[in-house]
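The next block holds one structure in the form of structure tokens; read it before the comments.
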2 protein chains.
Amino acid sequence: MKKTVPLYMISDAVGETSLKLVNAVAAQFPSVEFDMSYRFPFMKDEEELKGILSDALKDGAIVVTTLVSSNLTEIVSDFSNRTGLQYIDLMCPFMEIVHQKTGVSPLQEAGTVHKLNQEYFNRVAAIEFAVKYDDGKDPKGFLEADIVLLGISRTSKTPLSMYLANSRYKVANLPLIPEVPLPEQLKQVPKEKLVGLIIEPETQQKIRTSRLHSLGLQENSRYADIKRIKDELKYALEVFDDLGAFSLDVTNKSIEEAATLIAEHMDSHLSV
Amino acid sequence: MKKTVPLYMISDAVGETSLKLVNAVAAQFPSVEFDMSYRFPFMKDEEELKGILSDALKDGAIVVTTLVSSNLTEIVSDFSNRTGLQYIDLMCPFMEIVHQKTGVSPLQEAGTVHKLNQEYFNRVAAIEFAVKYDDGKDPKGFLEADIVLLGISRTSKTPLSMYLANSRYKVANLPLIPEVPLPEQLKQVPKEKLVGLIIEPETQQKIRTSRLHSLGLQENSRYADIKRIKDELKYALEVFDDLGAFSLDVTNKSIEEAATLIAEHMDSHLSV
């Protein structure tokens, strides 16, 4: 039987940082089941916090905190000293180092990271841009974009565009189909902005077959035919070559990994 | 003059967790400038790591690591013991607690969190769904969605949809315009799936004015007129009331905060 470890995530803001870390740690223990349903965002109240800590102790849970308030943090550390509750404090040790280094005290204001500033508006604008110019809907987008993603069907163009938009890149994308001529505007895009996505044909076939399943369609469609996929990929590589696009193999890469590699490529190019 | 602290983020995967944490900590020190340009994802090589640590020491940097390999982690901790380099190790203390609790050893495989599993495919499908059914483009989406967001122009419907899609909710959204009749399909959506976004008129006016600026349009358009905004909001509240939608005030809330509140509402409703 799988061991189950309940994880209590307590934050005085949204608690995203904890969730990211918990997922990363959980991935290192595939034989352990982590119960991640205990999330307590926007924590303010000392009595409520004490109640949650008591529950965590009863449940044999590990507690992960992202609390900027030193009052709340002290409650957790006192409770843990008294009872042996195991916890990870993500904020305080880090804030303490910054304090030592700079002599500056932290604000201790929860949720300060989410200011509605220009950066925020740019992010919203980038997300709207990505939606507007997804799937080659409007070729005008190619001329305004920071990044133009090119690739055959099912190479993660849409989720990659959204992920990059979250980092404030304006992204347009175009599906490559051998039978459909390229839009004229594409030739005016500086080649440094073009990213061509490639994928191994066998992996692509699995993804397309699963796509057909989910759409309730037959598997033996040309869409999931290995020869057709190879033809499409060959065509895509020719296009990347003609346009001078940077090409990235997305086989077995997550959206996060592929997006990070694209952003690195863009930044390294800018700094040259 | 602002103090500048360079932050070195070293990860054997993408390094997103570090970046989230670093942003959260930086927000607590508004008078300190953090240089976040030192990002080292996909770290594998011991010699390269040693070189980066030496640079960090020279720069007076704080190092944040998300390393699952115990070899690499030991290099960082040895270096720090020898030189006094200050660092935050996000993974090891946590993995150590899990190990103590379960007796299970971690895999130490970098990037394991990004498996191409069903959860991953569902996320991609949800993002594509959100793009397809953004802005009321196709009313069929309302019937298939997990969440339908309603709101007047500039209430963050699109970025909220994308953010929720990342958590695998299928989200459709509809802009409310007093002059445009509601689509018939909306009346068939169970009211538990409907979320109405509201915002303070003055905040909305600022956002719309900034929107007009960015589009190069005149400020005195009806779009940013306070009376018009109040009329639109009054109409929206009537619609939410008629349909029995849960309503959420997004004034001064970040996308993350608003999305977390919507997800909490959905989950609390499911568990009733």
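The values are calculated or read from the model by the stated rules, or taken from the named source; none is laboratory data. Everything numeric in this text was worked out from a predicted model, so none of it was measured. Virtual Cβ from ideal backbone geometry, glycine too; neighbours counted across all protein chains shown. Heads up: the accessible areas ignore ligands, DNA and RNA and are worked out on the full protein's heavy atoms, side chains in. Shrake-Rupley method; radii C 1.70, N 1.55, O 1.52, S 1.80 Å.
Here are the numbers for the structure shown:
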read-out	value
Inter-chain shielding of B:25-35 (mean C-beta neighbours from other protein chains, 10 Å cut-off)	6
Interface size A-B, as summed buried accessible area [1.4 Å probe, Å², nearest 100]	6800 Å²
5 Å binning of all Cα-Cα separations within region B:162-246, expressed as whole percents from 0 upward	3, 12, 19, 19, 18, 16, 10, 3, 0
Projected area averaged over orientations for region B:3-102, convex hull of C-alpha atoms, nm²	6.7 nm²
Accessible-area composition of region A:3-102, carbon plus sulfur, in percent [1.4 Å probe]	47 percent
Amide proton proximity set for B:Leu176, modelled H, under 5 Å, gap of 5+	B:Gly151, B:Ile152, B:Ser153
Copy-to-copy label separations for B:Thr251, where each label sits 7 Å from Cα toward Cβ, in nm and ascending	5.5
Position B:Glu202, label points 7 Å along Cα→Cβ, spacing to each other copy in nm (shortest first, one decimal)	6.5
Under the Debye formula (equal points on every Cα, no solvent term), log10 I(q)/I(0) of region A:114-213 at q = 0.22, 0.23, 0.25 Å⁻¹	-1.10, -1.16, -1.28
Long-range tail of P(r) for region B:89-164 (Cα pairs > 14 Å, %)	72 percent
Rotationally averaged projected area of the protein assembly as shown (alpha carbon convex hull; nm²)	28.4 nm²
Peptide B:11-21, shielding by other chains (average Cβ, 10 Å cutoff)	6
Estimated translational D of chain A in µm²/s (Stokes, Kirkwood radius over Cα pairs; 10 °C; 1.306 mPa s)	72 µm²/s
Reach of B:Lys137 by Cα under 22 Å, taken over lysines that are not fewer than 8 positions away in the same chain	A:Lys132, A:Lys137, A:Lys140, A:Lys157, A:Lys170, B:Lys157, B:Lys170, B:Lys187, B:Lys191, B:Lys193
Between region B:212-248 and region A:165-202, the Cα center-to-center distance that results, in Å	36 Å
